[in-house]
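The next block holds one structure in the form of structure tokens; read it before the comments.
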Amino acid sequence: MNSISWSVTNGLPNTYDVMDQKLDQDSDESLMLAYSNGSQVAFEKLYRRHKGGLFRYFFRNCHSRDIAEELFQDVWMKVVNARASYEQSAKFTTYLYRIAHNRLVDHYRHLSSAQHAMRSEGDNQEIVENQDDNLTVNQILEQQETNNALKAAVQALPFEQREAILMQQDGHLSLADIAEVVGTSRETIKSRLRYAMQKLRDQLGELKS
């Protein structure tokens, strides 16, 4: 995951180098704006901040380290190539995961539909009521990270549900942010997350029985 750093600053001036020591506490958006104006350190901080979550998002979606690495690199290269035209019109995480979402959709589109169908249960899912929300997605995934059966359950979720849960878990995106990334409503994302949570809880119950 570190190979992206080799070319992030080619041809960039060092006009922000004198500010590098002041960027530690800056927002993602400020760092990206600084990078677009030439700060090498600003990009390196953004990359370190988000590389883990972005890679896990791809890896848990694709279940292949090689594919995840390829998609991960592609996203960062798109960020690098778009630096000059970057405008702060949304949160950086929304900007980053919109690129990631589009790249993932493009990846699946080019695969055999028989092997990698992106089936969903539709955008008209009713919200599952009376769920115990004390058990968070983070707790489910962290507590059972080494459990192959649960990993398979996450992988088996319909694409839209799996992507929403991983954006929330790995990208730390809010419901509104996820909705903006994928181009749907907040309530639809809430519905997808609740259905996914129910399926994972059911899987946990089977593992414990």
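For region 22-118, the calculated P(r), taken from all Cα-Cα distances in 10 Å bins from zero up to the bin holding the longest distance, is 15, 46, 27, 10, 2, 0 percent.
What GluC sites (Glu not before Pro) in region 35-98 are in a loop by DSSP, with at most 12 other Cβ atoms within 10 Å of the Cβ? Counting only loop positions with at most 12 other Cβ atoms within 10 Å, the GluC sites (Glu not before Pro) in region 35-98 are GLU87.
Here, each number is a calculation from the coordinates, and none is a lab measurement. Please read these numbers as outputs of a predicted model, since none were measured by experiment. All Cβ positions, glycine included, derive from the backbone under ideal geometry; neighbour counts span all protein chains shown.
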